[in-house]
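The values are calculated or read from the model by the stated rules, or taken from the named source; none is laboratory data. Small disclaimer: the values here were computed from a predicted structure and weren't measured. Positions of Cβ are generated from backbone atoms using ideal geometry, with glycine treated the same way; all protein chains shown enter the neighbour counts.
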Amino acid sequence: MSYEGWILLTGSLVGISCGIVGCFLILRKMAMLADAISHTVLLGIVGAYLISNSLEGVYMLIGAAVVGILTAFFVQLLHSIGVQSDAAIGVVFTSLFAVGVILLSLFGGKVHLDVEHALMGEITFIPWDILEINGINLGPKAVWMLGTVLILNLIIILLFYKEIKISSFDPDMAVALGIPVLFIHYLLMGMLSLTTVASFDSVGAILVVAMLIVPGATAYLLTDKLSVMLMLSALVGVLSAIAGYFIAMIFNVSISGSMAVAAGVIFAITFVLSPTHGLLSRWLARKRLQNKSA
Amino acid sequence: MNPVTVENVTVAYHSKPVLQEVSFSVPEGKLIGIIGPNGAGKSTLIKAVLGLVPRASGDVYIYGKPYKQQRKLVGYVPQRGSVDWDFPTNALDVVLMGRYGHIGWFKRPSKKDVEFAMSCLEKVGMKEYANRQISQLSGGQQQRVFLARALAQDATVYFMDEPFVGVDAATEKAIISLLNELKAQGKTVLVVHHDLQTVKEYFDWVLLLNMRKIAIGPTEETFTLENLQKTYGGRLTFLHQQHAIVNQQ
């Protein structure tokens, strides 16, 4: 595949994975937790490097999953003893992220891992970081990592679809029915952490939040059915990635930045033009009512 | 055997007690109203039975066994305001959630589950709204969907948290006739209820609650001015109205 093809594939995989996971964050009103985990996984990555002394994807994923779930756990813990949940997120997220930054500045000099790279990502390097087994070129490592995480996410969602759905809509009922709501919560947090770290290299910690939240928020405006929302969200993710890449090529600007901008533009258009929830259709419906009553 | 037995249940939020040493049991096949002022712990009592809030102490039995072993016997109608009605789903889907406890892990609702859920929607007069997005239903219709979901649980004991709040008169009538139908089938229904005026009309039994159990028993013996005074304490102006209600009936 061409250099450009790999970049588009990587971006699309980020769009699909983030889009799907993001839907559940929006429905569970936990968008801020995405912001938190996208930052604290930095600690997971640095920690994984310090322990394993390598920058292999597997260690990164494990480190990120551990710290991601720890983040969710600490937030839950503070909340359960009476700290407001947004304050709990703020405290946990900044503290763990700061530890990551300190560790990085202490030991990061020796490795190819720096704060700017972690925050902004660099998708243009991805096609050069190839996975080779027995001298056979299997394509970029990032594509393999993103593909694995996407398949894992899809399997989890298919297996636990109804449990995730009811514990998002009506957690009390779910508990009464004997569904392990806390387990489902941590399962989703695990998915979020893995998705975040796999997307990290391509879009970075700040823009991964855009890819997590904006496609889901757009899909929410377009449908009243959860399964359709998940598919639309993935589609918006892919569109943002592809449109973002070409915007970046045309104007010679940051690719990850352009992807987030593209996602924002798609959201804005949907917000105005959505046939059911859009500003325009609601305005027209109001006008029609006024005309009728007049 | 008693459908519900509660023994010495105490619940506290942040060390502030909400329920203190509540004990009672209820007979089979009755409509039981749980009555008490705001903050009396009525909802908390239901939630403590269903394991939704942790009990500081005490035990709960459904037909002689702990709730965890008897989940399939119990149906639940939470307060309508406890969920986000903008969730992307339709009425039928919500009712199907009542089947989840029967379906088991990794499986999808079967055709039979869907048919059963439809029949439950029909019982509450909501069949034609099956595919309606839930945010487009009125308050009364949403309450009926919750009720249909409890019916879909196919339970023997039902706990309902304020099903009459914010519903129109037609829905209130529909709900009460449904409750009577459940009773006729030998099922036991416990209902958290606010409106003292309708207590005598709706319920066979009442449980009067204000952090502690004040009284429990058949409505005509238990729903007395004396017990109401004990339950509602020094709220005098309020009590005058109660006095009128009790005398009136």
From A:VAL67, A:VAL46, residue being in contact (Cβ under 8 Å) with a residue 24 or more places away in the chain, farther than 24 Å from A:THR124 by Cα and buried (at least 23 other Cβ atoms within 10 Å of the Cβ): A:VAL67
Would a scan of the range A:194-214 turn up a residue that is outside any helix (DSSP H, G or I) and farther than 21 Å from A:LYS141 by Cβ? no
Go through the range B:36-81 and give me each residue that's touching a residue at least 40 places away in the same chain (Cβ under 8 Å) and hydroxyl-bearing (Ser, Thr, Tyr). B:SER43, B:SER57, B:TYR61, B:TYR63, B:TYR76
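Considering B:ALA40, B:ALA56, B:ALA12, which residue is more than 15 Å from the chain's Cα centre (by Cα), over 30 Å from A:LEU158 (Cα atoms), within 14 Å of chain A (Cβ to nearest Cβ) and surrounded by 14 or more Cβ atoms within 10 Å (Cβ to Cβ)? So that I can check it myself, show each step before the final result.
Values: B:ALA40 fails: within 14 Å of chain A (Cβ to nearest Cβ); B:ALA56 fails: within 14 Å of chain A (Cβ to nearest Cβ).
Unique residue meeting the criteria: B:ALA12.
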Those residues that are surrounded by fewer than 21 Cβ atoms within 10 Å (Cβ to Cβ) and within 20 Å of A:ILE213 (Cβ to Cβ), I need them from the range A:240-253; list them, please. A:ILE242, A:ALA243, A:ILE247
The one condition in (1) outside any helix (DSSP H, G or I); (2) within 16 Å of A:MET30 (Cβ to Cβ); (3) not acidic (Asp, Glu) that A:LEU55 fails to fulfil: (2)
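Please list, ordered by residue number, the helices (runs of 4 or more DSSP H) wholly in the range A:126-177 having 2 or more residues that are in contact (Cβ under 8 Å) with a residue 12 or more places away in the chain and under 18 Å from B:ALA150 (Cα atoms). Let's see the steps before the verdict.
Values: elements: A:141-159, A:161-169, A:171-176.
In the range A:126-177, the matching helices (runs of 4 or more DSSP H) lie at A:161-169.
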I'm trying to understand the selection: among the residues of the range A:14-33, which are closer than 18 Å to A:GLN84 by Cβ, buried (at least 22 other Cβ atoms within 10 Å of the Cβ) and away from chain B (no Cβ under 14 Å)? A:LEU33
Out of (1) in a helix (DSSP H, G or I); (2) among the hydrophobic types (A, V, I, L, M, F, W, C); (3) under 24 Å from A:LEU152 (Cα atoms), the one A:LEU280 does not meet is (3)
Those residues of the range B:144-156 which are of a type outside the set (A, V, I, L, M), more than 9 Å from every other protein chain (Cβ to nearest Cβ) and not in a helix (DSSP H, G or I), in sequence order: B:ASP154, B:THR156
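Looking only at helices (runs of 4 or more DSSP H) that lie completely in the range B:89-143, which have at least 3 residues being away from chain A (no Cβ under 12 Å)? Please lay out each step first, then the result.
Values: elements: B:91-96, B:100-103, B:111-123.
The qualifying helices (runs of 4 or more DSSP H) are B:111-123.
Just checking, how many residues over the range A:139-150 are of a type in the set (Gly, Ala, Ser) and either surrounded by fewer than 21 Cβ atoms within 10 Å (Cβ to Cβ) or within 12 Å of chain B (Cβ to nearest Cβ) (or both)?
Keep residues of the range A:139-150 that are of a type in the set (Gly, Ala, Ser), which gives A:139, A:142, A:147.
Of the ones still in play, those that are also either surrounded by fewer than 21 Cβ atoms within 10 Å (Cβ to Cβ) or within 12 Å of chain B (Cβ to nearest Cβ) (or both) are A:139, A:147.
Residues that pass the stated criteria total 2.
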Can you pull out every residue in the range A:1-13 that is crowded, with 20+ Cβ neighbours inside 10 Å and over 16 Å from the mean Cα position of the chain (by Cα)? A:ILE7, A:LEU9
For the range A:151-183: of the residues being within 11 Å of another protein chain (Cβ to nearest Cβ) and of a type in the set (Phe, Trp, Tyr), which is surrounded by the fewest Cβ atoms within 10 Å (Cβ to Cβ)? A:TYR161
Top-ranked residue of the range B:59-88 - restricted to ones that are within 8 Å of another protein chain (Cβ to nearest Cβ) and of a type in the set (A, V, I, L, M), ranked as nearest to B:ARG144 (Cα to Cα): B:VAL83
Restrict the check to the range B:171-183 and report whether at least one residue is out of contact with any strand residue (DSSP E or B) (no Cβ under 9 Å at 6 or more places or on another chain), surrounded by 22 or more Cβ atoms within 10 Å (Cβ to Cβ) and more than 30 Å from A:LEU158 (Cα to Cα). yes
Criterion violated by A:VAL236 - all others in (1) touching a Pro at 6+ places or on another chain (Cβ under 8 Å); (2) at pLDDT below 95; (3) among the hydrophobic types (A, V, I, L, M, F, W, C) satisfied: (2)
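On the basis of being in a helix (DSSP H, G or I) and closer than 18 Å to B:TYR76 by Cα, does B:ASN227 make the cut? Break it down stepwise before answering.
Working: in a helix (DSSP H, G or I): yes; closer than 18 Å to B:TYR76 by Cα: no.
When the stated conditions are applied, B:ASN227 does not pass them.
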If I filter the range A:206-239 down to residues being crowded, with 22+ Cβ neighbours inside 10 Å and among the polar types (S, T, N, Q), which single residue comes out as nearest to the other protein chains (Cβ to nearest Cβ)? A:SER233
